[in-house]
Every structure is written in C-alpha cells, then in structure tokens.
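The values are calculated or read from the model by the stated rules, or taken from the named source; none is laboratory data. Source: prediction; values computed, not measured. Because the Cβ atoms are built from the backbone with ideal geometry, glycine has one as well, and the counts that use them run over all protein chains shown.
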Amino acid sequence: MTLTEIMQTLPYGPAPEAAQPAMDWLKAHKGKFQLFIAGKWRTPASREWFATINPANGQKLAEVALANATDVDKAVKAARKAFVEWSQTRGHVRARYLYAMARQIQKHARLFAVLETLDNGKPIRETRDIDIPLVARHFYYHAGWAQLMESELAGYAPLGVVGQIIPWNFPLLMLAWKVAPALAMGNTVVLKPAEFTPLTALLFAEICQNIGLPPGVVNIITGDGKTGAALVEHPGVDKIAFTGSTEVGRIIRKATAGSGKKLSLELGGKSPFVVFEDADLDSAVEGVVDAIWFNQGQVCCAGSRLLVQEGIAEKMYAKLRARMEKLRVGDPLDKAVDLGAIIAPVQLEKIQRLVQKGVEEGAKLWQPSWAVPAEGCFYPPTLFTEVAPASTIAQEEIFGPVLAALTFRTPEEAVRLANNTRYGLAASIWSEDINLALDVATQIKAGTIWINSTNLFDAASGFGGYRESGFGREGGREGLWEYVKKIEQHRTAQGQSSARGLTAKASAESLPPIDRTAKLFIGGKQVRPDSGYSKAVHAPDGRLVGEVGLGNRKDIRNAVEAARAAQEGWRKTAAHSKAQILYFLAENLSQRAEEFARRLSEQTGQDGGAEVEAALEALFTAAAWADKYEGLVHPTPLRNVTLAIPEPIGVMGILCPDDQPLLALARLAGTALAMGNTLVVVPSPLAPLSATDFYQVLETSDVPAGTFNIVTGERDELALTLAEHDDVDAVWYAGPQAGWALVEKASTGNMKRTWTLPSSGPLPDTEEILRQATQVKNIWVPYGA
Ligand code: NDP
C-alpha cells in the first residue's frame, strides 16, 4: 500500500476531549445551582429548579434555579445598590476588573470550552477555538474602553442597571458581548442566560466572585421566558439588551414602549451568501461550510441563502455536495467532528418541519449518503436547490444546518434577491473583482458584510442588524453608545449655544393676524390635505395667526411613498452635493430671515430673530457634517481591514417638538437629511407655520422632490400612522410621554428604530442626532496575495 492509499483509506479514530474536569466542577456544586445575586449564591424565592440537558446524549447535567419576579426584583435592587459606587469607580479600576475577567477566562479556557460543549452541543473545536478566545478578547478590548472612557467619552455617563437577556446559541459569547461593554461604561448588570444553556454563565459568576468584583455589579439569574419578561418589565431597569428571536424582540419592544428604557435588539436573520462567477470557488465552498454549518447553522447571521451566479451554479453545487459528503456529524466532544448536536428536540422538530415544507414547496433536497447518530439530537447538513425566492425556506429563519440555494444572472438581480428579506443582519460576497464586491456591499441592506469571507467577529467591530434584525450595535466604538447617556448639564450647556433662553418679546402684539391656509408639502409640491380640513394656529395670547392643513393617514401614505421613491437617489447623492444643498437652504432662509423671525415671534411670543439665527447655524452644522461624519477602520485581527461605515437609516418620520419650532426643524431634519435619509416631517401642532413657510425655502434650494415632505395635523394621529407604516425605517417622536408608548408599540411591525424626546426643553445636540440618523455597516475586507 502506498502512503497516499493509506492516507485516503485511513478511518477517523475518535479524538474525544475529556469531559471529566467539567463533570468534576458540576459535582463540586452537587449538580445544583442557585442564583447569583449581590455576589452570593441565593436560593430562589420560587423554590423551583429545572434541569439542563446535554443535547448530544439527552443526559441531565445539572439542576438550575428558576428565578421568579421576586428574585428578579432582588437582583435589580442589588444592581441598583452596586451602581452607586461602581458608576463612580475610576475607569482604570473598572479596566482592572475587566482585565482580570479576561485573564481568568483564558486560564480556565478549557473548562469553559468543555462545559459549553456539554451544555450546548456545539463541537469542541468551535468552543475551544472560536467562542472562548473571542470571549476573552471582548473583556480585554472593553477593559481598554473602561480605561479610555474619561477621555474618549467625556460628557457621557453610564445608564444605570442593565437587564440583559441572551440566547442559547453562543451562551458565553453573548454574555461577553453584553456584560463587557456594560461594565466598562460603569453600568451594573442583571443577566438572564437561556434556559437551555445556563452553565457557563454560572461559571462566569464564580469568576466574578474570585476576582473580588464588588457585590451586585454582575447578577446572574437563571430561569425561563417568564424570568426574562419580569426583567424587561421591572421599573428599576434602565436598559434592556436582548439577543434572540424577532418574535420575542417584538414582545420586548412593546413591553418597554413608553417606559423610557433604552433598548437594543439583536434578532434573527436570513443572510445572503452571494457568489459571483469570478469567485474562487474552492474558497467559496469552504466559506459556505463556515456560513451555514458553523454551530449547526444555529447562528443569527448564518449564510442560509446561497445566491449563485447562474453560469457557475451547477459547478458550485457539485463541489458543495462533494464537500458535504465529507463532513462529520457526531459527538461534539470529538475534536474531529464538524457538526455537533442541535440544541433540543423542539429545535430539531422545527428544522424537520421547515425542511418538509421546502420539499412540499417544490425545492430539490440533497443530503449526504451517511446517517447521523441515532442517539441524541442530530441533523445532517442539507442543501436545497431550485428554491423559489418567495418560498418559506428562502424567507424564514430555519436556525439549523439547512442551506437554500437560488441563482441570479446580474449583479443587480443579486442585490434584489439579497435584499428580498425582512431581515438585514449580515451578508457575504464572493468575487475576485473588488470593485464589484464593494459596490454590491454598499447596496445590500445589512449590518455586517464580509467580502470573500464569512462569520468573522471581533470585539473591535460592531455587530447588529438593519430592518427586522433589530437595532443597536455590539462591539466596536459604536457599541459603547448603547451603554451611556449624555450628562444632562452637558446637554444644557450645549443647548444654550442655540436659541434657548430667548427673552420673551411681544413684538407680534402690534401685528395683525395673517389669514392664510398653508397646504401640505409632498413630493416637492404643495398639495391640499386629503381631508379638506384645516386647523387653526393661535398665538400664546389666543389670537389666530394662521391655519394649516389637517393631514390624515392618506397624506402620510403619500408622503412616505414620495420619500421612498426619493430615497435611493438621495442616498447616492455625493456627500459634497448634500452639503451644498443644505448650505443653499441656509442661504435662502437667511434671505427671508425677517419674515421668519416675525412669524416665529407671533407663534411663540419669543425672540424670533435669535431663533432664525440659531436655525441658520444648525443648517450650517448639518451641511458641515454631510461630508465629515466619517466611519472608522476597525483594527480587527488577521490581514483585514474592517470598514465601519455610517449609512442612512432610510425613510424617516420626524415629529417635531413644540419649543423653538424652526430650530428644531433645522437641527433634527437638517441633520437627518445630511446623513442621506429622506423625510416625512410633522411640525409641532402648536407652531407649525414656520415649517409651512419653509416650503418655499425648500422649493428654491434644489432639494430633490420627495426628499423632504411636510405634513401638518394632529401629532399623535400622524405619529401612529408613521409608526405603523412598514415602509418607514425610523420614527423620531418629540411629544408627551403617552405618545412615546404609542409610537414604540406601533413600531414593532417592521421593528423600525424609534427615538423619543420631550416636547419641550433643550434639543439633543448634533452628535446625538448624527448617531440616531445613521446605522453602522461593517464591511470586512481581508487581503493577501
Ligand atoms: P427566544 O427569543 O425565545 O429566546 C431568547 C432569550 O429570551 C432566552 O433567554 C429566553 O429565555 C428569553 N425569553 C423568551 N421569552 C421571553 C420574553 N417574553 N421576555 C423576555 N425574555 C424572553 O429564542 P428561543 O430560544 O425560543 O428560540 C426560538 C427561535 O428563535 C429559534 O428557533 C431561532 O429561530 C431563533 N433564535 C434566534 C437567535 C438569534 O441570535 N437571532 C438566537 C436564539 C434563537 P428562555 O431561554 O428561558 O426561553
């Protein structure tokens, strides 16, 4: 026998990692765990425990406490108490604790990896080489931000108590993504791990004890969905950070609506994996293996839709089938296994049901010739070809090792197919033509794009979704904003540089009322409101100063349609041209400054002249930022540049505050426009006339039709229509707190971003508005000859 023949026929021998150290650790705890609250292990008030099972063999690993609402309350109170000192602790001290966590995780890396594999069923190769090293990296990286917070985030403070709810697919990694930035920024944490995978979080709690972390800074409460719901609803929580299904994300959005709690949601996906005909096919095949069979496909950003250019489709499928035939499914502790166990029977049934649906809907199924182990929860790698774009398996998140393949002919078609989803978490693009790859990357609506690579993660790069994949970012500088708030005094100081504190001047008293009814401004034209009604506008002393059209649902729909039609063009308009248009707006406003000042004084009884000046300055600021709000290049490891690019959100509804109506319009709408968004603006119902006068400024300033639409009317009625509208990507609502809840609840349809502000008081500063007006896309570009 030749050496080649021996190598080709050599069977795989088992190479299992020893489970004993992890089993010993479980035994040391007598196989039963309490809740980790205020630095101590506490018996749950519920007196209930539940089992956590090894999905690879169905055996019980341990019993874990089930926290109820009383336990949640205790944990939140402990976190609140700890916040008093922790938030005042110097950045350097917090950095030392985070550093200690990183070191401890590295020192116990093997134990963590084995425990994770036992509890979750994912291959040891992944926990050992990916999950745990990345966990340590997140703590190191954020130790750095704790150190730098005082200089780099001057003027920002921690939020308070953060409730964090994580899923079962990356149990310790998701903990790290959430706990590390929260602590770095001076928050305290109550974390609920997933029911299926609580063990590594409990080991982490032990590490917190060992390093002497002040009691209450990290609290770990195990439990079920009800525990999570109690945490979400607890009034003592300042922010909820959630990763999991879009369905539960929606419930949480509704539950926190109007509460003032900050929220970040990292939800599901149906990410495209796009292969152009000039791609390096062998690399692309390895990419697919990583994209859909990593963690058995139970990955939020799994490349579950393979889009292949028609000319190479059959060749690609053939290579893929050959590769699939060689994959190994089995004991996750075996170091030579590619795919481990599915998390639980319920998930296995979901995968089987969706695969059956795929067959019924006419797609062609292919699975390798070998069988998966009969014991335990296993599913083979699966390829569907001839998949129709609208079919269930092309649209629904399967969360299993199932790939749905579709073909395309042109780059335009690839982009259309890639974006034909309600999600927008990630995408992978394969082409040797970097021009094409980057061009397509900018057109795909997703938070992370990998070029000639896939599933690259690093603490220095933000991760998070567009559309129904959620909002907020985890990792990178952009992820820090989720855990801080502007210090109020700072904001007030900024606000004073605007027209705040204007002295009341009754200059309008001597002027006669102006009898004129303004129309709406939609698609670049002044149009009558659909209702045919108008609404009176009064001065603070009760005099009638004018009338505006009473817009309704239909007007909003027309305005959204116009804004959507203009979106692509405006997004692609060069930043320099956007700046030019904003300067032109300022120029034309300044020509009519006196008229605007008079009108403002009439409506508000304040010094209109000062407000016009402040509005001009705001437009200049927006113009200045149009070509200067830059992205970052994240220093991720490997030979790689990761471009973090702020992109527009899309079509935005802006409901303006009552104070300083013109300044608010200029600052909020001007900045959103500068960032490439198209707008439907609802002026303050108390002082809408400055906005309606603004039509003429818009008409003379080269603002493309449909980019900036204005609908006057009842604020909450119009806000509700905007929040419910599936083609609106974000709503900013300034108004009474009851309206916050209305908007936030109604926004769950397409999980649009919302930003709620008081109807009066200082306006947010430009920096905050710029962040709200954009979403960061990370494009990973590896290089190497
Ligand atoms: P969920 O979204 O239900 O669970 C995520 C986390 O939220 C868990 O800790 C869960 O607790 C908790 N939770 C459940 N209900 C509530 C609630 N009402 N309020 C607050 N917290 C709650 O995901 P599942 O684990 O049930 O998985 C279902 C499907 O979701 C999967 O098939 C998959 O398609 C998708 N999924 C997507 C993930 C992603 O990263 N995109 C991650 C996980 C799942 P508990 O575990 O105790 O139920």
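List the strands (runs of 3 or more DSSP E) inside segment 27-96, counting only whole elements, that have at least 2 residues being charged (D, E, K, R).
Numbers: elements: 35-37, 40-42, 49-53, 60-65.
Passing ranges, in order: 40-42, 60-65.
List pairs: first in segment 56-77 and free of Cβ contacts under 8 Å to residues at least 60 places away in the same chain, second among the basic types (Lys, Arg), Cβ under 6 Å, 6+ apart or cross-chain?
Once the first residue is free of Cβ contacts under 8 Å to residues at least 60 places away in the same chain and sits in segment 56-77, its partners that are among the basic types (Lys, Arg) give Glu63/Lys32.
Would you please name the residue that is farthest from Leu203 (Cα to Cα), looking only at residues in segment 151-179 that are within 19 Å of the chain's Cα centre (by Cα) and assigned to a loop (DSSP other than H, G, I, E, B)?
For segment 151-179, the residue satisfying everything is Leu159.
Which one is surrounded by the most Cβ atoms within 10 Å (Cβ to Cβ) among residues in segment 230-243 that are within 15 Å of the ligand (Cβ to nearest atom) and outside any strand (DSSP E or B)?
Restricting to residues being within 15 Å of the ligand (Cβ to nearest atom) and outside any strand (DSSP E or B), the top hit is Leu231.
Please enumerate the residues belonging to segment 217-229 that are within 8 Å of the ligand (Cβ to nearest atom) and either of a type in the set (Asp, Glu) or touching an Asp or Glu at 6+ places or on another chain (Cβ under 8 Å) (or both).
Gly223, Asp224, Gly225, Thr227 - these are the residues of segment 217-229 that are within 8 Å of the ligand (Cβ to nearest atom) and either of a type in the set (Asp, Glu) or touching an Asp or Glu at 6+ places or on another chain (Cβ under 8 Å) (or both).
Determine whether Val703 is in a helix (DSSP H, G or I) and either in contact (Cβ under 8 Å) with a residue 12 or more places away in the chain or of a type in the set (S, T, N, Q) (or both).
no
So for segment 249-259 (the condition being in contact (Cβ under 8 Å) with a residue 24 or more places away in the chain, within 16 Å of the ligand (Cβ to nearest atom), part of a loop (DSSP other than H, G, I, E, B) and surrounded by fewer than 21 Cβ atoms within 10 Å (Cβ to Cβ)), does at least one residue qualify?
yes
When you scan segment 374-395, do you find a residue that is under 24 Å from Glu432 (Cβ atoms), buried (at least 23 other Cβ atoms within 10 Å of the Cβ), within 16 Å of the ligand (Cβ to nearest atom) and of a type outside the set (Phe, Trp, Tyr), even just one?
No, the conditions are met nowhere in segment 374-395.
Which of the residues belonging to segment 758-770 are in contact with a strand residue (DSSP E or B) (Cβ under 9 Å, 6 or more places away or on another chain) and either part of a loop (DSSP other than H, G, I, E, B) or over 23 Å from Asp727 (Cβ atoms) (or both)? Before you say what the answer is, go through the steps one by one.
Looking only at segment 758-770, we keep the residues that are in contact with a strand residue (DSSP E or B) (Cβ under 9 Å, 6 or more places away or on another chain), and these are 758-760, 763-765, 767-770.
Correct list: Pro758, Ser759, Ser760, Leu763, Pro764, Asp765, Glu767, Glu768, Leu770.
Taking segment 260-275 only, how many residues are crowded, with 22+ Cβ neighbours inside 10 Å, more than 8 Å from the ligand (Cβ to nearest atom) and in a loop (DSSP other than H, G, I, E, B)?
3
Right, Pro646: crowded, with 20+ Cβ neighbours inside 10 Å and at pLDDT 95 or above or not?
Considered against the rule, which asks whether it is crowded, with 20+ Cβ neighbours inside 10 Å and at pLDDT 95 or above, Pro646 comes out as no.
Return yes or no: is Ala182 away from the ligand (no atom under 14 Å from the Cβ), in contact (Cβ under 8 Å) with a residue 40 or more places away in the chain and part of a helix (DSSP H, G or I)?
Here the answer is yes, as Ala182 does meet what is asked.
Kindly evaluate Gly212 against the criterion of being buried (at least 24 other Cβ atoms within 10 Å of the Cβ) and not aliphatic (A, V, I, L, M). Break it down into steps so the answer makes sense when it comes.
On the way: buried (at least 24 other Cβ atoms within 10 Å of the Cβ): no; not aliphatic (A, V, I, L, M): yes.
Criteria not met by Gly212.
Which one of Glu594, Glu561 is acidic (Asp, Glu), in a helix (DSSP H, G or I) and over 20 Å from Val711 (Cα atoms)?
Details: Glu561 fails: over 20 Å from Val711 (Cα atoms).
Among Glu594, Glu561, only Glu594 is acidic (Asp, Glu), in a helix (DSSP H, G or I) and over 20 Å from Val711 (Cα atoms).
Tally up the residues in segment 188-212 that are free of Cβ contacts under 8 Å to residues at least 24 places away in the same chain and either within 14 Å of the ligand (Cβ to nearest atom) or among the hydroxyl-bearing types (Ser, Thr, Tyr) (or both), please.
Going through segment 188-212 one residue at a time, the tally reaches 0.
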